[in-house]
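**Q** The structure under discussion is supplied below as structure tokens; questions concerning it will follow.
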């Protein structure tokens, strides 16, 4: 019997904290690599979104929805906006290219690190479905 390796997963959580943003997370290296995206992630090509790299999160955050209590980091309501799997095309220190298969986000996407601030990236869709 041939074992099929499971595709890595992703989740996008709508996070109503001090400022509304979307938590974009990719399963990599046994954790969720994470970015805070101040505006709704793009569903169409030619729309670029700032994505601010934040600390890695445990895989248990893939299914997290709920309320983070006042006084705690990230206090506010978190709901899953989209989730699914992805295929990694390439991964370099300053550029990650992948194809998302989710309920809302589908197609080829790229994350590119900006030179002026190493925590700032651009997230954009590079090809239609």
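**Q** Taking every pair of alpha-carbon atoms in the stretch 50-129, what share in percent sits in each 10 Å bin, from 0 to the bin with the longest distance?
**A** P(r) for the stretch 50-129, in whole percents per bin: 16, 39, 35, 10, 0.
**Q** With a cut-off of 8 Å between alpha carbons and a minimum separation of six or more residues, what is the relative contact order of the chain in percent?
**A** Contact order relative to length: 24 percent.
**Q** Now, a different point. Label points 7 Å out from Cα along the Cβ direction at residue 101 and residue 122: separation in nm?
**A** Label at residue 101, label at residue 122, 2.9 nm between them.
**Q** Which whole number of Å³ per residue matches the convex hull of the alpha-carbon atoms in the stretch 4-90?
**A** With only Cα atoms used, the stretch 4-90 gives 112 Å³ per residue.
**Q** In addition: If you average the C-alpha positions of the stretch 1-50 and of the stretch 74-96 separately, how far apart do those two centres end up, in angstrom?
**A** After rounding, the separation between the Cα centres reads 2 Å.
Every number in this text was worked out from the coordinates using simple rules, so none of it is lab data. For clarity, every value in this text was computed on a predicted model and none was experimentally measured. A quick note on method: Cβ atoms are made from the backbone with ideal geometry, for glycine too, and the neighbour counts reach across all protein chains shown.
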